[in-house]
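To start, the structure itself, in structure tokens.
Read-outs: derived from the displayed coordinates by stated rules, not from any lab. All values reported here derive from a predicted model rather than from experimental measurement. When we count neighbours, we look across all protein chains shown, and the Cβ atoms used for this are built from the backbone with ideal geometry, even at glycine.
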Amino acid sequence: MDIVGLLVTLLVMGLVFYLVVWLIDWVAVPDPFNKVIKAIVGIVCVIYLLGILLGQAPPLRFWR
């Protein structure tokens, strides 16, 4: 994977994480569930990005 593809994937994952956190705050989920959902989404994003860096997960394809 080239550096541009990695950068685009990082930006998309960051945007998805931000939108999920914003949606959770906008809907006003109660506090314990709020933190659990944010932690799960964050862990999933980190695991996926580590998988891409190690070559184990398929990268996102936006072009070609």
Could you give the angle, 0 to 90 degrees to the nearest 10, between helix 31-54's Cα long axis and the longest principal axis of the Cα atoms of the chain?
-> 10
For every other residue with a beta carbon closer than 13 angstrom to the beta carbon of Ile37, add +1 if it is Lys or Arg and -1 if Asp or Glu, then tell me the sum.
-> 0
Gained length - Val27 relative to Cys45, 0.36 nm times residue gap less alpha-carbon distance = 4.3 nm
Only helical DSSP H runs with n ≥ 4 go in: add -39500 (n - 2.57) per run for the chain, normalise by residue count and round the 222 nm mean residue ellipticity to 500 deg cm²/dmol.
-> -27000 deg cm²/dmol
Can you give the angle from 0 to 90° between the axis of helix 3-27 and the longest principal axis of the chain, with both taken from C-alpha atoms, to the nearest 10?
-> 10
For the stretch 3-54, alpha-carbon Rg over 2.2 N^0.38 Å = 1.28
